[in-house]
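Structure, as structure tokens:
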Amino acid sequence: MILEKKTFVFDMDETLIHCLTHIEELEHEADVKINMKFEEGFEVESSIMIRPFAMEIIKHLKSKAELILFTASQSDYANPIINYLDPNGDIFDYKFFRDKCLTAPDGRYVKDLRIFKNRDLKDIVLIDNSAFSFGA
């Protein structure tokens, strides 16, 4: 019997990385500082700390599974971080941002799992710091 590939859906903020802007005090040294340009016309330098072993786990899973990054962040914030984590664009098979989320009545962004309509939910592994950030 051939096993189907699983799909691992990773959240970005507080799961793969922790981000602080230049105005916040750092308790730990950043792994990288990234300049982010927003379409509203302002720039922010952010200090990014990659969670321990996050990239090792992702690289290990890459040959065994489909990897998707799904963040409730806007793409102009997330893309510079993704470009640092995946500079050649060969780790994540797909990337989804806030525009693929639903807005809950309390204002939270909820990742809409219906986007994965061509996959069986039993084959999807969600890796997120919040149990309330997904819905189908």
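Computed from the coordinates by the stated procedures, all read-outs in this text should not be read as laboratory data. On a predicted model such as this, the values are computed, not experimentally measured, just so you know. Methodologically, a virtual Cβ is constructed for each residue, glycine included, from the backbone with ideal geometry; neighbour enumeration extends over all protein chains shown.
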Work from the charge dipole of the chain (Cβ charges, +1 for Lys and Arg, -1 for Asp and Glu, about the Cα centre) and give the residue of VAL125, ILE17, ILE48 farthest towards its positive end.
VAL125
Percentage relative contact order, the chain, counting C-alpha pairs under 8 Å, at least six apart:
30 percent
Choice from SER75, SER47, SER63 showing the highest fluctuation, given a GNM over the chain with Cα pairs closer than 10 Å:
SER63
Residue by residue through the stretch 123-129, which ³J(HN,Hα) values in whole Hz follow from phi under the Karplus form 6.51 cos²θ - 1.76 cosθ + 1.60 (θ = phi - 60°), with glycine and proline marked x?
9, 10, 10, 9, 10, 8, 7
Classified through the alpha carbon gyration tensor (a ≥ b ≥ c as square roots of its eigenvalues; rounded if a/c is under 1.5, else prolate when a/b is larger than b/c, else oblate), the stretch 21-136 comes out oblate
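Going down the table (LYS5/LYS117; LYS59/LYS100; LYS62/LYS122; LYS5/LYS62; LYS64/LYS111; LYS62/LYS100), which pairs top 21 Å between alpha carbons?
Among LYS5/LYS117; LYS59/LYS100; LYS62/LYS122; LYS5/LYS62; LYS64/LYS111; LYS62/LYS100, the Cα-Cα distance tops 21 Å for LYS59/LYS100; LYS64/LYS111; LYS62/LYS100.
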Take VAL44 and VAL32, extend 7 Å from each Cα along the Cα→Cβ direction, and tell me the distance between the two endpoints in nm.
1.8 nm
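If you filter the stretch 7-114 for chymotrypsin sites (Phe, Trp or Tyr not before Pro), then keep DSSP loop positions with at most 12 other Cβ within 10 Å, what is left?
Working: sites: PHE8, PHE10, PHE38, PHE42, PHE53, PHE70, TYR77, TYR84, PHE92, TYR94, PHE96, PHE97, TYR109; in loops: PHE38, PHE42, PHE53, PHE92, PHE97.
Passing both the DSSP loop test and the Cβ count: PHE38, PHE42, PHE53.
What range in the chain is the longest one free of trypsin sites (Lys or Arg not before Pro) that are in a loop by DSSP and have at most 12 other Cβ atoms within 10 angstrom? Could you put the intermediate results ahead of the total?
On the way: sites that count: LYS5, LYS64, LYS117.
Result for the longest clean stretch: 6-63.
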Size of charge dipole - the stretch 32-136 - debye, nearest 20, with Cβ of Lys, Arg +1 and Asp, Glu -1, no other charges
360 debye
